[in-house]
Amino acid sequence: MKALSVLIIEDSKAQRLFMLELCRQMGITEIAEADNGRSALAVMDGRSKPFDLLICDLEMPDIDGIELINLLSARHIRSGLIIASGRERSLLSAVELMASTEGLYVLGALQKPVAEAELLALVRKYQQDDLKQKQACEQRERLLLGKEELQQALTERRFVLHYQPKIDFATVKLTGAEALVRLQGTDGQLIFPNDFIPLCERFGLIDELSYQVIELAIAQQQRWLAAGLSLSISVNLSAYSFEQSEFSARVIALIKDCAVPPNSLIFEVTETGVIKDIGRALAILTRLRLFGCGLSIDDYGTGYSSVKQLSQIPFTELKVDRSLVDGISTKAHLQVIFESTLSMCQKLGIELVAEGVERPDDWHYLQQAGCNIAQGYLISPPLPEQRFCQWVQNGMTFLSKVGHKG
């Protein structure tokens, strides 16, 4: 790992020295200090390259932490930001969200007095993210996918599905999986959605890709049923596709003729807020429900998915965005939001799925609160078909992480 540079922005000299010592104990040697936002900007302006990490207090004279965050955003600063404050957790979470929304790279927020282990975890997160980002940039430079390459991949059917398990909290049994598309490169390497979905949308290929994914999901369902595995399978369906009546007709025809129970198919509707013609969208979504398919509102709690869409479309499932799940066991404000969402779902007869479950403590909170379904890396990352089946046959190895004896 490369040597890190850190700027500590803190008006209390005692707190600065404390943070300075923690950084030194972690092997960080390039450390600068500032006692408020204005002096921090002056220190940053005096450098030829940006700091790797900024550790920032909120309550400071002159330019405070909130104003500094706004100024950093205006400068498009990409340093890793760690917020450190003695204020309540709900306020820290709100500032985290604000900074992230402003486009800053937020590693996390720590309550004072800062524990060495907590700070070390965020520093390591930065190092891991930095490595992944460099690898991803190198991969994108190698890829440079054009319309012809993507069209060829569709023709050669090189798109494949990986499956992320969905677990019933009450029974701790496998109930289904979300199908996530990958592109098999000509060199055998997997290419992930962020590197081809936007391009498919730009080149007008997204409908063909979505149709192939549905075909693959149905074929997978047939193989699972033949093997005695009765699971639901969730497929993402972009709201942009609802504008195309031909695409909608093809999907309806495919569902009508498929040899799997329609109630085992769930369509996750993404970006519901961009639906321009709600009438046209409802034409396909209501027909899918009439056939018995499930409808899921994806990433609930983000800008695109809201109560308005929930009131307009006959959803059977709601997926809470990972930003409202991560750390929920210790964040009271997230618990209030989740519990009100759960109450709403119970009254509407909608299943609630928690996405992004990565910590045992969050699992236990969600289970005790009465959440229906869990999905996330604590359970398993998305797996190709063979490895998914092996994971099931091996007894779902995540069970020991949550203290459950299968």
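The values are calculated or read from the model by the stated rules, or taken from the named source; none is laboratory data. Because the structure is predicted, anything quoted here is derived from the model rather than measured. Here the Cβ is made from the backbone with ideal geometry for all residues, glycine too, and neighbour counts use every protein chain on show.
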- Note on the structure: Expected output for region 111-126 (first residue among the aromatic types (Phe, Trp, Tyr), partner surrounded by 14 or more Cβ atoms within 10 Å (Cβ to Cβ), Cβ below 8 Å, 6+ apart or cross-chain) is Tyr126/Leu4; Tyr126/Asp52; Tyr126/Leu53; Tyr126/Gly80; Tyr126/Leu107
- Going through region 1-54 one residue at a time, which ones are among the β-branched types (Val, Ile, Thr) and without any contact (Cβ under 8 Å) to a residue 60 or more places away in the chain? Val6, Ile8, Ile9, Thr29, Ile31, Val43
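The rows are residues; the columns are (1) under 20 Å from Gly27 (Cα atoms); (2) of a type in the set (Asp, Glu); (3) at pLDDT below 85.
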residue	(1), (2), (3)
Thr101	no, no, yes
Val106	no, no, no
Gln111	no, no, no
Ala117	yes, no, no
Ala121	yes, no, no
Leu131	yes, no, yes
Gln135	no, no, yes
Arg142	no, no, yes
Lys147	no, no, no
- The correct count of residues that are of a type in the set (S, T, N, Q), assigned to a loop (DSSP other than H, G, I, E, B) and either without any contact (Cβ under 8 Å) to a residue 60 or more places away in the chain or closer than 11 Å to Phe169 by Cα (or both) in region 357-406 is 3
- Query: Does region 283-292 contain any residue that is among the basic types (Lys, Arg) and either under 19 Å from Arg182 (Cβ atoms) or not in a loop (DSSP other than H, G, I, E, B) (or both)?
  - Reply: yes
- Could you figure out which of (1) touching an Asp or Glu at 6+ places or on another chain (Cβ under 6 Å); (2) loosely packed, with under 15 Cβ neighbours inside 10 Å isn't true of Glu246? (1)
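Is it true that Pro61 is at pLDDT below 95, part of a loop (DSSP other than H, G, I, E, B) and over 21 Å from Ile31 (Cβ atoms)? Write out each step before concluding.
Details: at pLDDT below 95: yes; part of a loop (DSSP other than H, G, I, E, B): yes; over 21 Å from Ile31 (Cβ atoms): yes.
Criteria met by Pro61.
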- Query: Across region 79-99, which residue is nearest to the chain's Cα centre (by Cα) among those that are hydroxyl-bearing (Ser, Thr, Tyr) and at pLDDT below 90?
  - Reply: Ser93
- Message: Restricting to region 355-377, name every residue that is crowded, with 18+ Cβ neighbours inside 10 Å and either of a type outside the set (A, V, I, L, M, F, W, C) or under 15 Å from Glu178 (Cα atoms) (or both).
- Response: Glu355, Gly356, Val357, Arg359, Asp362, Tyr365, Gln367, Asn372, Ile373, Ala374, Gln375, Gly376
- Item | Only listed residue being surrounded by fewer than 16 Cβ atoms within 10 Å (Cβ to Cβ), aliphatic (A, V, I, L, M) and modelled with pLDDT of 90 or more, chosen from Ala153, Ala179, Ala170 | Ala170
- Query: Considering Gly80, Gly65, which residue is more than 20 Å from Asp35 (Cβ to Cβ) and either of a type outside the set (Lys, Arg) or surrounded by 14 or more Cβ atoms within 10 Å (Cβ to Cβ) (or both)?
  - Reply: Gly80
